[in-house]
């Protein structure tokens, strides 16, 4: 399976990555190589194999439902480029 | 042409927990902006999620309540999209292996018929923050207090056939969730949110039509209005020869219409993949059993029991079991007063009206169950009449003292002394010679007029049955 340039551009846009026209060529061929590897893997018979969600052979530990942390409000506010009335300000996101 | 409406609902409920789904920040509603968002919620580099046990318990509890399968292994996935109120750039959700699988619940339609509505799945995910777009001169303000609050998304099968059915289903869901006490489920505050998938097809057709998804519906009433508007819109388009476009639409309650969501990018390309920061969640039978043991009696079971145990009709049993606190209240009144029918009338009637008028929850009622039970007991033992009881009830709203003291202090005790009633009756006979004459000539219905006069004279305190009896004797 090969990828064309417009697909590379779409994926880059979805991931908010800037890729120049010249870079796109290289990225395209590298992703196509990865897809070829996946195609190869697809030919292996996996009928009796359980899907693997995580490479570690362990289970998720659960946390007690408790508020255990102090929120360093002032420090966190000072990290933001701009904040007002406690809100973090970002460039307007609706048209 | 006759059309059939097909609706499926996606309902998000915020699970009631002290801390967030993956972080130990608090989840209080209405706090000052960003005072409930810690470094995890802000997605600072290096932070890792750890799952909240109670959130998982709540999800399993819901699954058991709707007889759903509980997944032995559930897996969290990343749903990727960019929006400032989602600082990580992805929402942790569950795609292929949700915690709760197929289940169902039963709704009662208007004609009394019961219908089973399938629930496809219910999965856990984290909520996003809030964006405020006004008053910041070209900027948007972001409040991340809500970010990371645990949600359960409950997805129904497309089994609903009208807006009314959809609301009935939603109310049933609400009732079950409140019984389980796993969420506040207050639509106006956003702790319960509803999206509706709506399509239409010619009656008899089995293929589904193209659907639209309506978002932003924040009350039961609006669910009905939004769906009805959308169904009409789709019919108009098709009848004019047009086609329905699959899209997301917003409901505007002010204009009572749905409209296309304006967004440059509605690309639903979330590029899900398993969340590498979380291991698979394995739920063993012991965990499930321990939760099953905490399940309360649910609305359907309670309704059946109330009907049987207290001899309630279907309507009363329904009304009194919708809400768990109401059901507990009624049960206490019925048992302490010893008269379930009167208890049902008072709780579903006077008390409901009082709560509604003042916008009170039953727990806020100034008339507690034991006091209402005493009031009913006084009707039963003839201390007061049913009519006077309403006066006492009114007094009880402001006066928290003992019911018997209120009756005594206001001099509302029913007159049951035969001598006193006979005096009243004599007076009525003397004052109404014409009616007395008519009665003696055989005009039976005049008697109720005379009883009414006697009641009036006693200011409602005479026992009407006794008045009736003594009048008859004297007029023989």
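Here, each number is a calculation from the coordinates, and none is a lab measurement. Just so we're clear, the structure is a prediction, and the values are computed from it rather than from any experiment. In this analysis, Cβ positions are derived from the backbone assuming ideal geometry, glycine residues included, and neighbour counts consider all displayed protein chains.
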Please quote Rg/Rh for segment B:3-290 to two decimal places, taking the Kirkwood radius as Rh and restricting both calculations to Cα atoms.
0.97
Based only on other Cβ atoms within 10 Å, what is the fewest-to-most ordering of B:208, B:144, A:56?
A:56, B:208, B:144
P(r), alpha carbons of segment B:222-345 - 10 Å bins starting at zero, rounded %
10, 20, 13, 21, 25, 10, 1
Span from the segment B:173-252 Cα centroid across to the segment B:365-436 one, whole angstrom:
51 Å
How do B:423, B:20 line up, fewest other C-beta atoms within 10 Å first?
B:423, B:20
Roughly how many Å is it from the Cα centre of segment B:1-75 to that of segment A:61-92, as a whole number?
19 Å
Report the Cα-based extents of the protein assembly as shown along its three principal axes, largest first, to the nearest Å.
114, 62, 57
For a footprinting-style exposure proxy, rank B:124, A:41 by other Cβ within 10 Å, fewest first.
A:41, B:124
Please give the helix A:5-14 orientation as an angle from the longest Cα principal axis of chain A, in degrees from 0 to 90, rounded to the nearest 10.
20 degrees
Would you calculate, for chain B, the mean residue ellipticity at 222 nm contributed by helices, counting each DSSP H stretch of 4 or more residues as -39,500 (n - 2.57) and dividing by all residues, to the nearest 500?
-12000 deg cm²/dmol
Most mobile of A:15, A:83, A:58 per a Gaussian network model of chain A (Cα springs, under 10 Å)?
A:83
Reduced to Cα centres, the span from segment A:1-31 to segment B:109-161 in Å works out to 34 Å
Can you tell me which of A:68, A:22, A:43 moves the most in a GNM of chain A? Springs connect C-alpha atoms under 10 Å apart.
A:68
Angle check, please: helix B:324-337 long axis (alpha carbons) against the longest principal axis of chain B (alpha carbons), in degrees 0 to 90, nearest 10.
20 degrees
Cα axis of helix B:464-475 to longest principal axis of chain B: angle in degrees, 0 to 90, nearest 10?
20 degrees
Mean-square fluctuation check for chain A, GNM, Cα pairs under 10 Å: which of A:75, A:39, A:57 is largest?
A:75
Can you show me the helix-derived [θ] at 222 nm for chain A, built from DSSP H runs with n ≥ 4 at -39,500 (n - 2.57) apiece and divided by the number of residues, rounded to the nearest 500.
-13000 deg cm²/dmol
